[in-house]
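What follows is a single structure, written as structure tokens, with notes after it.
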Amino acid sequence: MKLKLFSCTVALAATLSVQAQHVMDVNTKKVGVPVQSTMYGLFFEDINFAADGGLYGELVKNRSFEFPQSFMGWRVFGNVQLKDDGPFERCPHYVLLSDPGHRERRTGLQNEGFFGIGVEKGKEYRFTVWARAPKGNSQIRVQLINENTMEEHQEFVQQKLDITSSDWQKYEVALKPNRTDPKAQLRIFLSSKNPVALEHISLFPKDTYKGRENGLRRDLAQALEDIHPGVFRFPGGCIVEGTTLDTRYAWKNTIGPVENRPLNRNRWEDTFDYRYFADYYQSYGLGFYEFFQLSEDIGAEPLPVLSVGLACQFQNDPSAHVPMDQLDPYIQDCLDLIEFANGDPATSKWAKIRAEMGHPAPFNLKYIGVGNEQWDDLYYDRLEVFMKAIRAKYPEIKIVGTSGPDSEGKMFDKGWAAMKRLKADLVDEHFYRNEDWFLATPEGKQKWPNCGALRYDSYDRKGPKVFAGEYACHGKNKHKWNHYEASILEAAFMTGMERNADVVQMTAYAPLFAHVEGWQWRPDLIWFDNTRMFRSVSYYVQQMYATNKGTNVLQLTTKDPADAKGKRQVPVAGQEGMDGLHASSVYDSTTGEVIIKVVNASKKAQTVTINLNGMKGERQAETLTLYHNGSMDDENTLDNPMKITPKKGTVNCEAGQKATVLNDELPAMSFRLYKIKK
Ligand code: AHR
């Protein structure tokens, strides 16, 4: 390879060192296959306290006393009785607070929230409760407290609430704390002689995403919007399946008034005894209506995934699943969901509920996932029946099947063969693999023949399309932490997805959210505690792709280092001789920009020359660079959320003899994208 010092000006600081010059050719004359709008998406699962205690704005745990241990999350004192003939049929429990029997004694209850209740100074919180005063007017005092304070008063904000009716009614009062406290508690005293019955005790920030009452935590939802995802897959993941079938995600229980949504046991309570959370349940307050609404808000196509009648296959014997001749209710769930999302409220029961909830217009559902991460004949046989029923009624809906939990191997091949035979529209592939897989090192290739950025170059163009629905680089011996190096390798791998956008039409990193005190699974895209959050470096990788996905692929090649004659052109995908370089390119017909993504996944700086064939004259390229001049194990943190973020810059491109030429040097372990007006 030619040695040459580059002549462009790199606005971002980069160390000059002479490396082998890597020459790449981008064909800007021929606009290639379209990049689907769904290409870079998000996958939401209620794992790591992502919903209750996370994205869902509710701050009270076990607000309806429906947990199997009715007072889990609560401490009750004085004269408190649990009752079960409340106003909400599917959540029948409530508490009756009565006089403690002595003027110096107290009756009340106290909620610990999710790892505490996070409140912020100056913000308003909406306390609501369903209540009745069975024996005449009664009163409660509602407080936010710091139980462990040395101050005179534990409460730092308090409001009185009069309960004035003997019928069940909803009451509301605002609390405006004068301090920030990530671990406050909610305390309620009975402050009248008369008793009071309380049900669905709730506390939300008023400042939710889009200001909705049953809303989402603003900072977390905003982070989703900021990615500009093309597709939003929900609600899982394994929770779709459940540890047992009766705890699978039951979407019909998640719609309608929140007060009447029954509780579900979270499948992730049951998974790891070394990260066990006995209080992990699903209130379903963040349900399918809210998921559709969120998809719409963030501009993503909704992709709900429904049970195919299989309980989690990892956790069960075949006897746990629904027999083939009893699948009807499960199939009906799929059909009814399509009606719920798209139907006409005038004629459809399910669409009517959607309209009553505030969304008369359809959600315009186009995709449905049937089964999460299933495998073998018991899946393929069931899927076939589901597909027949869905296709018969809704031929326009695209069906997403799955190749199971492995990224390759016998069962993966069997899955793909079945998906082809059944003519699934898309196949959901999952890969949680280490550095060797993402970089396709020789060891990686030995173990996983189809790994690395060339994975999709050899995929069958005639079969179903790929949805890379869950993936992340799990660092070897790194206990799966998020860390910078893993994110760069994900970026490198993604060049292969982009190059193959004719086959890969949807992708999503996984999982999305994790509470720092309540996680079961790492790495995750966004971490949070009760008042703060940070976007991981992997988040920024996803965002760089999603916000620069262009409209069409452009061919980007280099001379094959393995071809002695130097004639063969090949993709830049980290093959031997490419010094860890990976690259892809797209054209954006809406902005007229050529966008080139280059990842240097080697431990040395690399110089590149990119010929923009089809373009003439000088240009200035805008750049966005993800680079960290520190430990490869570093990551953003709650205390330092902006430690590693992409930085903007520019590079001047020369007027070469035949084409515009971009010369640059990429620092070791970096990801840079270039945008050049055509
Ligand atoms: O994302 C975590 C889990 O990984 C998902 O629930 C499952 O689909 C996969 O095994």
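The values are calculated or read from the model by the stated rules, or taken from the named source; none is laboratory data. On a predicted model such as this, the values are computed, not experimentally measured, just so you know. Here the Cβ positions follow ideal geometry from the backbone for every residue, glycine too, while neighbour counts run over all protein chains shown. Side chains included, ligands, DNA and RNA excluded: accessible areas come from the protein's heavy atoms. Shrake-Rupley method; radii C 1.70, N 1.55, O 1.52, S 1.80 Å.
Values as computed for the structure displayed
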quantity: Candidates 272, 363 - the one that is surrounded by 17 or more Cβ atoms within 10 Å (Cβ to Cβ) and either within 29 Å of residue 406 (Cα to Cα) or away from the ligand (no atom under 16 Å from the Cβ) (or both); calculated: 363
quantity: Any hit, the stretch 646-661, residues being open to solvent by less than 10 Å² (accessible area, probe 1.4 Å), of a type outside the set (S, T, N, Q) and within 16 Å of residue 542 (Cα to Cα); calculated: no
quantity: Which listed residue is in contact with a Lys or Arg (Cβ under 6 Å, 6 or more places away or on another chain), away from the ligand (no atom under 16 Å from the Cβ) and of a type in the set (Gly, Ala, Ser), from 221, 197; calculated: 197
quantity: Answer from 586, 598, 570 - the residue that is farther than 30 Å from residue 526 by Cα and β-branched (Val, Ile, Thr); calculated: 570
quantity: Odd one out for residue 549, checked against (1) open to solvent by 10 Å² or more (accessible area, probe 1.4 Å); (2) in a strand (DSSP E or B); (3) touching a helix residue (DSSP H, G or I) at 6+ places or on another chain (Cβ under 9 Å); calculated: (2)
quantity: Flag if residue 379 is in contact (Cβ under 8 Å) with a residue 24 or more places away in the chain, within 16 Å of residue 506 (Cβ to Cβ) and of a type in the set (Phe, Trp, Tyr); calculated: no
quantity: Tally of residues being surrounded by fewer than 18 Cβ atoms within 10 Å (Cβ to Cβ) and either away from the ligand (no atom under 16 Å from the Cβ) or closer than 17 Å to residue 290 by Cα (or both) across the stretch 367-383; calculated: 3
quantity: Matching residues, the stretch 139-170, being within 17 Å of residue 181 (Cα to Cα), touching an Asp or Glu at 6+ places or on another chain (Cβ under 8 Å) and surrounded by 17 or more Cβ atoms within 10 Å (Cβ to Cβ); calculated: 143, 144, 145, 146, 156
quantity: Residue within the stretch 398-415 that is within 16 Å of the ligand (Cβ to nearest atom), surrounded by fewer than 17 Cβ atoms within 10 Å (Cβ to Cβ) and assigned to a helix (DSSP H, G or I) present; calculated: yes
quantity: Which numbered condition residue 596 misses (of (1) open to solvent by 10 Å² or more (accessible area, probe 1.4 Å); (2) under 27 Å from residue 223 (Cα atoms)); calculated: (1)
quantity: Pair list, Cβ under 8 Å, 6 or more apart: the stretch 427-440 residue more than 19 Å from residue 576 (Cα to Cα) and of a type in the set (Gly, Ala, Ser), other residue at pLDDT below 95 and within 11 Å of the ligand (Cβ to nearest atom); calculated: none
quantity: Residue in the stretch 57-78 that is within 16 Å of the ligand (Cβ to nearest atom), open to solvent by less than 10 Å² (accessible area, probe 1.4 Å) and within 17 Å of residue 280 (Cβ to Cβ) present; calculated: no
quantity: Residue selected from the stretch 224-235 under the condition crowded, with 22+ Cβ neighbours inside 10 Å and farther than 17 Å from residue 55 by Cβ, by the criterion farthest from the ligand (Cβ to nearest atom); calculated: 230
quantity: Any hit, the stretch 116-138, residues being open to solvent by 20 Å² or more (accessible area, probe 1.4 Å), over 25 Å from residue 179 (Cα atoms), assigned to a strand (DSSP E or B) and small (Gly, Ala, Ser); calculated: yes
quantity: Some residue of the stretch 625-643 being over 23 Å from residue 572 (Cα atoms) and open to solvent by less than 10 Å² (accessible area, probe 1.4 Å); calculated: yes
quantity: Out of 31, 60, sole residue that is in contact (Cβ under 8 Å) with a residue 40 or more places away in the chain, part of a loop (DSSP other than H, G, I, E, B) and over 30 Å from residue 221 (Cβ atoms); calculated: 31
quantity: Close pairs (6 angstrom Cβ cut-off, 6 or more residues apart or separate chains): touching a residue at least 12 places away in the same chain (Cβ under 8 Å) and more than 14 Å from residue 235 (Cβ to Cβ) in the stretch 362-375, within 11 Å of the ligand (Cβ to nearest atom) and open to solvent by less than 10 Å² (accessible area, probe 1.4 Å) anywhere; calculated: 374/402; 375/404
quantity: Residue selected from the stretch 502-535 under the condition crowded, with 24+ Cβ neighbours inside 10 Å and out of contact with any Leu (no Cβ under 9 Å at 6 or more places or on another chain), by the criterion nearest to residue 457 (Cα to Cα); calculated: 504
quantity: Residue satisfying condition, being modelled with pLDDT of 95 or more, within 16 Å of the ligand (Cβ to nearest atom) and open to solvent by less than 40 Å² (accessible area, probe 1.4 Å), within set 327, 310, 286; calculated: 310
quantity: Test: residue in the stretch 450-459 that is of a type in the set (Gly, Ala, Ser), surrounded by fewer than 16 Cβ atoms within 10 Å (Cβ to Cβ) and within 22 Å of residue 39 (Cα to Cα); calculated: yes
quantity: Failed condition for residue 436, given (1) away from the ligand (no atom under 14 Å from the Cβ); (2) acidic (Asp, Glu); (3) closer than 21 Å to residue 303 by Cβ; (4) open to solvent by less than 40 Å² (accessible area, probe 1.4 Å); calculated: (3)
quantity: Answer residue from the stretch 236-266, given it is part of a helix (DSSP H, G or I) and within 11 Å of the ligand (Cβ to nearest atom) and is nearest to residue 326 (Cα to Cα) among those; calculated: 240
